[in-house]
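> Submitted below is the structure of interest, expressed as structure tokens.
The values are calculated or read from the model by the stated rules, or taken from the named source; none is laboratory data. Nothing here was measured: the structure is a model prediction, and the numbers come from that model. All Cβ positions, glycine included, derive from the backbone under ideal geometry; neighbour counts span all protein chains shown.
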Amino acid sequence: MPHQLLIIHGGETFPTTADYLNFLKTYQLDPDDVVFSTGWKDVLPTTLGPDFEVIKPRMPNALNARYDEWKIWFEKYLPFLRDEVILLGHSLGGIFLAKYLSENDFPVKIKSTILVAAPFEDCPESLCEFNFSTNLEKLAKQGGEIIIFHSRDDKVVPFSHAEKFLAVLPKARLVEFVDRGHFNQESFPELVKRLK
């Protein structure tokens, strides 16, 4: 039976509707936004091959994500998961998994939780629903092997966020890079190697 890998993609979140609308009005498109490009999350099923079953939910309204909406959608996938599932969250997907696994009992055994460029806290405002308490004991207990991928040159989520995760998850492993930014890249061979 193939290994299961469930990937939660990233997104944006704003404390108010006005902030979100302002983001839409002022955002400057670049060629990568206009021309469809394939990223590492898109090619993982092919790269990993038949030994992996890759599940990639399209989370609701990624441009103005709400934790409660993501939680409802995520839970629709839980009945399809088996013991030894690997959970992977990129960016906002990482903080979503950290919050969810620190507040909820997971129905199957998790082999590994992988956080790629995950914010430790998304924003200081209380309306940012993805923030979690710094007590991540439940995540540490049920999250299996916790691996954090982060790059020192990440301009979206500073490297200090990885260090904050390590401070409260001392058994987590850090895979550190210096030149990957926010991991918006076409391939991710180091992740593939670790998964295999």
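> Pull out all pairs, ordered by first then second residue, where Cβ-Cβ is under 7 Å, the residues are six or more apart or on different chains, the first lies in segment 96-110 and is farther than 14 Å from LYS141 by Cβ, and the second is acidic (Asp, Glu).
VAL108/ASP83
> Considering only helices (runs of 4 or more DSSP H) fully contained in segment 1-71, which possess at least 1 residues that are within 22 Å of the chain's Cα centre (by Cα) and polar (S, T, N, Q)?
40-48
Listed here are the residues, each with its yes/no results for (1) within 19 Å of HIS3 (Cα to Cα); (2) in contact with a strand residue (DSSP E or B) (Cβ under 7 Å, 6 or more places away or on another chain); (3) buried (at least 19 other Cβ atoms within 10 Å of the Cβ).
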| residue | (1), (2), (3) |
| --- | --- |
| PRO50 | yes, no, no |
| ASP68 | no, no, no |
| ILE72 | no, no, no |
| TYR77 | yes, yes, no |
| GLY94 | no, yes, yes |
| LEU101 | no, yes, yes |
| LYS111 | yes, yes, no |
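> Scan segment 161-173 and report the pairs whose first residue is closer than 14 Å to ILE147 by Cβ and whose second residue is part of a helix (DSSP H, G or I) and of a type in the set (Gly, Ala, Ser), with Cβ atoms within less than 7 Å and a gap of 6+ or a chain change.
LEU169/ALA140; LYS171/ALA140
> Determine, yes or no, whether ASN131 is out of contact with any Asp or Glu (no Cβ under 7 Å at 6 or more places or on another chain) and of a type outside the set (Gly, Ala, Ser).
no
> Could you please tell me which pairs satisfy a Cβ distance under 6 Å, a separation of 6+ or placement on different chains, a first residue in segment 38-63 that is closer than 11 Å to VAL192 by Cα, and a second residue that is among the β-branched types (Val, Ile, Thr)?
LYS41/ILE7; LEU44/VAL54; PRO45/VAL54; THR47/VAL192
> Of all residues in segment 162-196, how many are in a loop (DSSP other than H, G, I, E, B), surrounded by fewer than 14 Cβ atoms within 10 Å (Cβ to Cβ) and modelled with pLDDT under 95?
Counting residues in segment 162-196 that are in a loop (DSSP other than H, G, I, E, B), surrounded by fewer than 14 Cβ atoms within 10 Å (Cβ to Cβ) and modelled with pLDDT under 95 gives 5.
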